[in-house]
There are 2 protein chains.
Amino acid sequence: MPRPRSLTQDRIAAAALAVIDRDGLAALSMRAVSTELGVSTMALYRYVDDRRELEGLVVELVLGGVDVSPPSEGAWQERIAVLVGRMRDHVGAHPEAVPLTMIHRHGSAGVLRWSEAVLAILAEAGLDGPERVIALRGLLSYVIGAVQLEHLGPLSGEGTAAMAGLSPAEFPHLAETAGHARLVGADEEFRGGLAMVLRGIRAGAGPFRSRGGRG
Amino acid sequence: MPRPRSLTQDRIAAAALAVIDRDGLAALSMRAVSTELGVSTMALYRYVDDRRELEGLVVELVLGGVDVSPPSEGAWQERIAVLVGRMRDHVGAHPEAVPLTMIHRHGSAGVLRWSEAVLAILAEAGLDGPERVIALRGLLSYVIGAVQLEHLGPLSGEGTAAMAGLSPAEFPHLAETAGHARLVGADEEFRGGLAMVLRGIRAGAGPFRSRGGRG
DNA sequence: AATCTTAGGCGTATGCCGTACACCTATGAG
DNA sequence: CTCATAGGTGTACGGCATACGCCTAAGATT
């Protein structure tokens, strides 16, 4: 009967993500999103309860786009690495939104579907029970932390700059490592760390323990 | 010559942390901290440039208290686990401040000293060059992610609740795993995940590769 | 003791923010 | 053509960080 809706949650999320990508996360506000859409600020509240929900929509937009179809080829470690890589790529495409994805990650349908896909591969690799729980959560932990380290750490370059100027007397190893760190690219670091974690997953740690693929 | 200072950065940081611990991170404001100290809001600006710096002080207060003296006993994996555990304990003692520690982690002197201690052990274990960089960053990633998963994830209980009510048809593994997850305590999960990561660190992967302690 | 100098402390004001509320209006149904 | 209804909007409020300028306490100097 009444007048029809002129917006959708999808359009609102897209507008919010556009603001974030263009002007940074700090510029995200209900006012900014409404301006982006050419409507009044309060119009948004016909579609979302509050700012939190809007942020959730943005995260779902980013994380929901991850392809969770299980890779068919390669050892189980390799297949998990593909799934993890897809997640990293999608999040990394919107670096300014990274803090949001961290805050609203729980309850995201995208993350749930991703977790399901990873679990399937872990199960196939011979893990079950608490060990599979720990493997999944450990992988999630690594991904969350690594993405943040990559995108939040060097935000200001403070960390790297601070490391470069350390007194070698007080921080001998750190000073030396800072030199090597510059030679390790972000991709290499991520893949290397992931390989490390995957190597640590004990596949088939049942009564008949058999070490996984490429030890 | 003029009147002496009545506050210190330490007292301000302690007051801010008290506000956070008591009323939550959302309640942290320049006003709240100044009230806590019994001074005017603007008085704080004689000691910190802005809110960001105040948050940094809080993080330093939390992270700077971590004992980074290297444990003398045990395999290198065990000694790193002790250092990691100390970090987790300090951060976990102020769960509401966790997001702050993540945002301001870089450039924290406490984290630098901790990293130095971990690097020393990794070096002793036979790692060097890029591999040591990756091992350190991988460990940091795991710790950051795990702490967040532990303290931010279950904040609202949304995630767990959502998992419990999943359709077993669409998420067969996740639904089953949710059951096991309830049996795994937070400590067990953290230690298990850490053991997994440590297991994946290739010690002494130089020309004369020798596998580390307790494979 | 009196004064001066100077930085610490504070009150006020500005421009953001999220959002509650009441109002107006476009619209499809009848 | 009318009307009920939900969508869209304008205004207003309280809270935030913080820029600015004033007042004042207290050590240094006389």
How many nanometers, to one decimal and shortest first, lie between the label point of B:SER29 and those of its other copies, if labels sit 7 Å from Cα toward Cβ? 1.5
Which is the longest stretch in chain A that no exposed loop site breaks, taking sites as GluC sites (Glu not before Pro) with a DSSP loop state and at most 16 other Cβ atoms within 10 Å? A:74-169
Treating the point 7 Å from Cα along Cα-beta-carbon as the label, what are the nm separations from B:GLY129 to the other copies, to one decimal? 4.0
Protein accessible surface hidden between B and A, which excludes ligands and nucleic acids, total in Å², probe 1.4 Å: 5000
Note on chain B: alpha-carbon gyration tensor, axes a ≥ b ≥ c; rule is a/c under 1.5 for rounded, else prolate if a/b larger than b/c, else oblate; result oblate
Under the helix-only model (-39500 (n - 2.57) for each DSSP H run of 4 or more, divided by the residues of chain A), the mean residue ellipticity at 222 nm, to 500 deg cm²/dmol, is -19000 deg cm²/dmol
Sorted by accessible area with a 1.4 angstrom probe, largest first, how do A:SER6, A:SER34 fall? A:SER6, A:SER34
Where nothing but the Cβ of Lys and Arg (+1) and of Asp and Glu (-1) is charged, how large is the charge dipole of region A:1-114 around its Cα centre, in debye to the nearest 20? 320
Any idea what angle helix B:76-92 forms with the longest principal axis of chain B, computed on alpha-carbon atoms, 0 to 90 degrees, nearest 10? 30
Got a sec? Which residues of region B:132-147 lose 40 Å² or more of accessible surface with every protein chain in place, vs. that chain alone, 1.4 Å probe? B:ARG132, B:VAL133, B:ILE134, B:ARG137, B:SER141, B:TYR142
Residue-normalised value, i.e. accessible area per residue, for region A:76-200 at 1.4 Å probe, in Å², stands at 37
A student asked for the Cα radius of gyration and Dmax of region B:76-200 in angstrom ought to give 16.7, 50
So, with +1 on the Cβ of K and R and -1 on the Cβ of D and E, and no other charges, what is the size of the charge dipole of the protein assembly as shown about its Cα centre, to the nearest 20 debye? 220
Selection from B:ALA181, B:ILE201, B:VAL133 lying farthest towards where the dipole of chain B points positive, charges on Cβ: B:VAL133
Percent carbon-and-sulfur accessible area, the protein assembly as shown, ignoring ligands, DNA and RNA, probe 1.4 Å: 54
To one decimal place, what orientation-averaged projected area in nm² is obtained for the convex hull of the Cα set of the protein assembly as shown? 26.1
Here the correct list, in nm and shortest first, of distances from A:SER167 to the same site in the other copies, label points 7 Å along Cα→Cβ, is 6.4
Cβ-based charge dipole, region A:9-48, positive-most Cα from A:VAL39, A:GLY24, A:ALA14: A:VAL39
Roughly how tilted is helix A:129-151, in degrees to the nearest 10 and between 0 and 90, from the longest Cα axis of chain A? 70
Need one value: the accessible area of A:LEU61 in square angstrom, 1.4 angstrom probe, rounded to the nearest 10. 80
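The values are calculated or read from the model by the stated rules, or taken from the named source; none is laboratory data. Predicted model only: the values in this text are computed from it and were never measured. Quick reminder, even Gly has a Cβ in these numbers, built from the backbone with ideal geometry, and neighbours come from all protein chains shown. SASA here: full protein model, heavy atoms, side chains in, ligands and nucleic acids out. Shrake-Rupley method; radii C 1.70, N 1.55, O 1.52, S 1.80 Å.
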